[in-house]
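The values are calculated or read from the model by the stated rules, or taken from the named source; none is laboratory data. Worth saying up front: this structure is predicted, and the values here are computed from it rather than measured. Please note: Cβ atoms are built from the backbone with ideal geometry, for glycine as well, and neighbour counts cover all protein chains shown.
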Amino acid sequence: MFNRSQPTAIVLPVFFMVFLLASCADSEETLPADAAQESVQNIISQAETAYEEAKRLGHAWTKTNGFLQEARSALAAGNKIEARMAADRALFTARASVNQANREKDAWRDRVLK
Amino acid sequence: MLRKIGAKLLASGVVASTVVFMTSIPGAIASPESDRLAFVKFYEERFPDIEIAAHKDGSYALDDAKREQWLEMEDFPPYEIEVDEGEALFATPFANGKSYGSCFDNEGVGVKQNFPYYDIERKQVVTMELAINECREANGETALDYDSEEMGSVSAYMAFTSRGNKFQISVPDEGLKAYEMGKQFYYERRGQLDFACSSCHVQSAGGQLRAEVLSAAIGHATNWPTYRFKWERVGSLHKRFIECNEQVGAEGFAQQSEIYRNLEYFLTYMNNGMELNGPASRK
């Protein structure tokens, strides 16, 4: 049963955990402005490279370019959180499309009617 | 003597290992004709009550109720205007006095069954739409946008004059690479949904995608260009390729790009012996 005479017994550990999580989170808000900008730009650059590779392999996905444009626009507008989310999505879909292209180099043969 | 036996053993070993290697890659040793026969066999078994020739009507061959509705619509075909316009454009001389007919066999009448073909000298697949634009350029005219109404009309008229003819596509040895590239594209999964053309039209043919019945791949090349109610006009097979690709979350390619011409080459070869019935109408 909760002991009203010792509220700090439960409040303090919870406060400590919230503080710990907040301090560990890789949030663009917690980074200095220049570093956050650079971090998002870096992800955008990686996504652009992977997207170009997917296009070269003929396997680009429709979503990737939209996410890239969203990330660039949000970054230009100074909205680093939104930019980071869109950049992560662009990178994820671009890498997935490259993986798909590499997997399909041989996998398609198993589907040929015989 | 020993040298001869050794050479024979070596030769048979090379042959055997080649056979093992080739057979270990499914699909690698199939000829276009064995691919087509496998296609026919697959759909005969999948739809035992439907003649292969009937698949030229796409999903309307598979669903009686939808077929009835479609036949009613065909009483007043929506592509009729394009066919008439195409006929007029086809007969209109270019600035140099020649016309489209001068670029094709039989003056361009009833020739669609021979497209696409592999041009050995230019090492590429030539579709009818590409040939139409090359004809224009050879006669000093500008090429048409492949998505333009004029291209739709001219190709609709040429298809109309070819109705009832049967596809006679050939794949020379030099064209095998292009054919194989088209085949690979057909069976490759792509896009965020991870679908191949074959996922819908081979694996799931006859099944339903929401309210629509998925048509069989065999017969897919017979009816183009087609008036789609969704487009509200006549469009090309490549326009449909782009739409299909985008529906599964993959970026499409330009109409008449090399990859789509190769895909059309493979798909049309699978339709060899089937009657052309374009232009047609589809939802």
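Could you check, for the range B:106-113, whether at least one of its residues is under 16 Å from B:MET151 (Cα atoms) and among the basic types (Lys, Arg)? Yes, the range B:106-113 contains at least one residue that is under 16 Å from B:MET151 (Cα atoms) and among the basic types (Lys, Arg). Checking each residue in the range B:191-219 for being away from chain A (no Cβ under 14 Å) and either in a helix (DSSP H, G or I) or buried (at least 21 other Cβ atoms within 10 Å of the Cβ) (or both) picks out B:SER215, B:GLY219. Every test in (1) among the acidic types (Asp, Glu); (2) more than 20 Å from B:ALA159 (Cα to Cα); (3) touching a Ser or Thr at 6+ places or on another chain (Cβ under 9 Å) is passed by B:ASP119 save one, and that test is (3). Residues of the range B:120-142 that are within 23 Å of B:VAL171 (Cα to Cα), assigned to a loop (DSSP other than H, G, I, E, B) and not aliphatic (A, V, I, L, M): B:GLU121, B:ARG122, B:LYS123, B:THR127.
Return the total of residues in the range B:228-245 being farther than 13 Å from B:CYS197 by Cβ and surrounded by fewer than 24 Cβ atoms within 10 Å (Cβ to Cβ). Selection size over the range B:228-245: 7. Does A:ALA47 count as within 14 Å of chain B (Cβ to nearest Cβ) and either of a type in the set (Gly, Ala, Ser) or at positive phi (or both)? No: the conditions fail for A:ALA47.
Inside the range B:155-188, can you point out the residues that are touching a Ser or Thr at 6+ places or on another chain (Cβ under 8 Å) and within 14 Å of chain A (Cβ to nearest Cβ)? Walk me through how you get there before you give the answer.
The initial filter retains those residues of the range B:155-188 that are touching a Ser or Thr at 6+ places or on another chain (Cβ under 8 Å), namely B:155, B:167, B:169, B:186-187.
Scanning the range B:155-188 gives B:TYR186, B:TYR187.
Among the criteria (1) farther than 24 Å from B:VAL171 by Cβ; (2) at pLDDT 95 or above; (3) in a helix (DSSP H, G or I), the one B:SER34 does not fulfil is (1).
Here's the yes/no breakdown for (1) away from chain B (no Cβ under 14 Å); (2) at pLDDT below 75:
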position: A:GLU29; (1), (2): yes, yes
position: A:HIS59; (1), (2): no, no
position: A:SER73; (1), (2): yes, no
position: A:ILE81; (1), (2): yes, no
position: A:ARG95; (1), (2): no, no
position: A:LYS105; (1), (2): no, no
position: A:TRP108; (1), (2): no, no
position: A:LYS114; (1), (2): no, no
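B:TYR269 falls short on exactly one of the conditions (1) in contact with a strand residue (DSSP E or B) (Cβ under 7 Å, 6 or more places away or on another chain); (2) hydroxyl-bearing (Ser, Thr, Tyr); (3) closer than 21 Å to B:ASN114 by Cβ, and that condition is (1). So, in the range B:220-274, exactly how many residues are assigned to a loop (DSSP other than H, G, I, E, B), within 14 Å of chain A (Cβ to nearest Cβ) and among the aromatic types (Phe, Trp, Tyr)? So the answer is 1.
Test A:ALA101 against the stated conditions and say whether it is closer than 23 Å to B:ALA250 by Cα, at pLDDT 95 or above, out of contact with any strand residue (DSSP E or B) (no Cβ under 9 Å at 6 or more places or on another chain) and among the small types (Gly, Ala, Ser). Judged against the criteria, A:ALA101 is not a match. The residues of the range B:154-190 that are surrounded by 20 or more Cβ atoms within 10 Å (Cβ to Cβ) and among the acidic types (Asp, Glu) amount to a single one, B:GLU188.
Note on the range B:70-119: among residues that are in a loop (DSSP other than H, G, I, E, B) and charged (D, E, K, R), the one that is nearest to B:ALA131 (Cα to Cα) is B:LYS98. Within the set B:TYR186, B:TYR146, the sole residue that is part of a loop (DSSP other than H, G, I, E, B) and either aromatic (Phe, Trp, Tyr) or touching a Lys or Arg at 6+ places or on another chain (Cβ under 6 Å) (or both) turns out to be B:TYR146.
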